[in-house]
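Okay, structure first, notes after.
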Amino acid sequence: MKTVLLIDDDKVIRTVVGKALAKEGWRVIEAEDGQEGIQRALEDKPDAVICDLLMPRCNGFQVCRTLRSEGLQLSDLKIIVTTSQVFEVDRLHALEAGADEVMLKPINHDKLIQELSTPRGLSIKSKSSGDEKKNIRKAKISDKKNFVRFWGVRGSIPTPGPETAHYGGNTSCVEMRVNGKLVILDAGSGLRALGVELMKEFGKKALDITLLLTHTHWDHIQGFPFFAAAYNPKNKVRVLGYEGSSKCIESCFSVQMENPFFPIRLTQMPGNLNFELQEEMQFELGDVKVFAHFTNHPGVTVAYRIESGKSKVIYMPDHEAYSRMRLHSAKAPEAVAEVASFSQAEEDRLQTFLQGADVLIMDSQYTPEEYESHIGWGHSCFEDSVSTAIKAGIKKFFLFHHDPTHSDEAISRMVARARKLVTEHNSDLIVESAREGMNFEFD
């Protein structure tokens, strides 16, 4: 006679299920919580375990992991987890912990008996719902109008509230429609609202989306779990970027969605996701050319220059000016000269990358006064960013990556000071501050 161990803190369920199993010829032993269940399993060596997911003292996940531990000599043990929760993520986590099957309460006794009679590795599988790829209507992105729209302009952490309502409190996310293509720059918290808007605009039509990542710091990827377009199985989402110091892009996206941080895993997102590591600093999205340039920011971070026809738009959200940063660390006269020479060479390379662009969206997080206590943090003061734009012959400049402590009033004052600096340099540079919902067209 085969033995089944029934672990559940509900006595009524143990009684009802136990009687059904006994009628089928099973010897039933019971435990009322996970700790007792593990002990009974080690002592009695049952052929199968039926274990509730949520129990005091030791839950079903813990029971599965313990019984699957090496050295317990329970490799043939069949484990069926039962639960009243319908969340798919719980089912997947139970299977990962070592369960052979997960069954929803109230338990179908016939199915339970059938599952117990099925050898490990041959659990009952549900049938596929058919070919979902038929009759997919693709969305058409207009190629008659190119534009950029800001969805997240803040740095470091989202800062909602009345004091940030004008410029916005979401972290970095910029939408670009260019030559009939949908390109998204970074996946900060602003990505959530963008996803909602895309669903309103295109409905159930299939979208091809390219997401360009500057780097994987949290404020640049934290919106992706809430990106509605990635939950539509008809959509294709390409995520392009450069490998960081420790993890690849896909791993970084996956970690922030792991249990217990988020209820849905990256692999559960039904959209067609494709993560591509870039190695070259120039690539193409159809007839759109993209150039990348490493910036001065912790880890591996890039800026993007996107060229369409005669137009050039540059997105550079995280960068600390080389000269101001490095000269602060040089003390001896000879060190100052050496560092100044090196910093100038780096600035010259950056100028070559920026030269003649129509639009520059650039890190301008601090005032010069604030920068003094933030040296080496990887962000610039607006004076350095504006000066860089003037030297590069930029036509229009947007202050970006606003400090989370800055109110709307503080940002407006920075814009005024930036415009005054432009006037002092007799420059034609147009200065604006990036603001959520703002958009501008380009050729």
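Points to keep in mind about this one:
- Filter result for E280 (more than 17 Å from the chain's Cα centre (by Cα), over 21 Å from S156 (Cβ atoms) and part of a loop (DSSP other than H, G, I, E, B)): yes
- In the stretch 343-402, residue surrounded by the fewest Cβ atoms within 10 Å (Cβ to Cβ) [restricted to those that are aliphatic (A, V, I, L, M) and in a loop (DSSP other than H, G, I, E, B)]: I375
- Pair list, Cβ < 7 Å and 6+ apart or interchain, from the stretch 409-422 residues that are in the same structural domain as E163 (by TED's automatic domain parsing) to residues that are of a type in the set (D, E, K, R): L421/E383
- Within the stretch 303-342, if we keep just the residues that are β-branched (V, I, T) and at pLDDT 95 or above, the residue that is nearest to H217 (Cα to Cα) turns out to be I314.
- No other residue among T159, T210 is outside any helix (DSSP H, G or I) and in contact with a Lys or Arg (Cβ under 6 Å, 6 or more places away or on another chain) apart from T210.
Here's the yes/no breakdown for (1) assigned to a loop (DSSP other than H, G, I, E, B); (2) of a type in the set (S, T, Y):
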| site | (1), (2) |
| --- | --- |
| E163 | no, no |
| I184 | no, no |
| S189 | yes, yes |
| L198 | no, no |
| P233 | yes, no |
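- Scan the stretch 286-309 for residues that are assigned to a strand (DSSP E or B), surrounded by fewer than 18 Cβ atoms within 10 Å (Cβ to Cβ) and among the hydrophobic types (A, V, I, L, M, F, W, C) and the total you get is 2.
- Condition broken by R154, with the remaining ones in (1) of a type outside the set (S, T, N, Q); (2) farther than 30 Å from S407 by Cβ; (3) at pLDDT 90 or above satisfied: (2)
- Filtering the stretch 19-58 to residues that are in a strand (DSSP E or B), within 43 Å of the chain's Cα centre (by Cα) and among the hydrophobic types (A, V, I, L, M, F, W, C) leaves A31, A48, V49, I50, C51.
- Selection within the stretch 141-156: residues that are out of contact with any Pro (no Cβ under 7 Å at 6 or more places or on another chain) and part of a loop (DSSP other than H, G, I, E, B). The member of this set that is surrounded by the fewest Cβ atoms within 10 Å (Cβ to Cβ) is K144.
- Residues that are crowded, with 17+ Cβ neighbours inside 10 Å, of a type in the set (G, A, S) and in a loop (DSSP other than H, G, I, E, B), drawn from the stretch 235-277: G244, G271
- Residue in the stretch 238-261 that is in contact with a helix residue (DSSP H, G or I) (Cβ under 9 Å, 6 or more places away or on another chain) and within 16 Å of L207 (Cα to Cα) present: yes
- Selection count where residues are β-branched (V, I, T) and either in a helix (DSSP H, G or I) or in contact with a Ser or Thr (Cβ under 7 Å, 6 or more places away or on another chain) (or both), scope the stretch 1-18: 5
The values are calculated or read from the model by the stated rules, or taken from the named source; none is laboratory data. Since we're looking at a predicted model, the values are computed, not measured. All Cβ positions, even for glycine, are placed from backbone atoms using ideal geometry, and neighbour counts span all protein chains on display.
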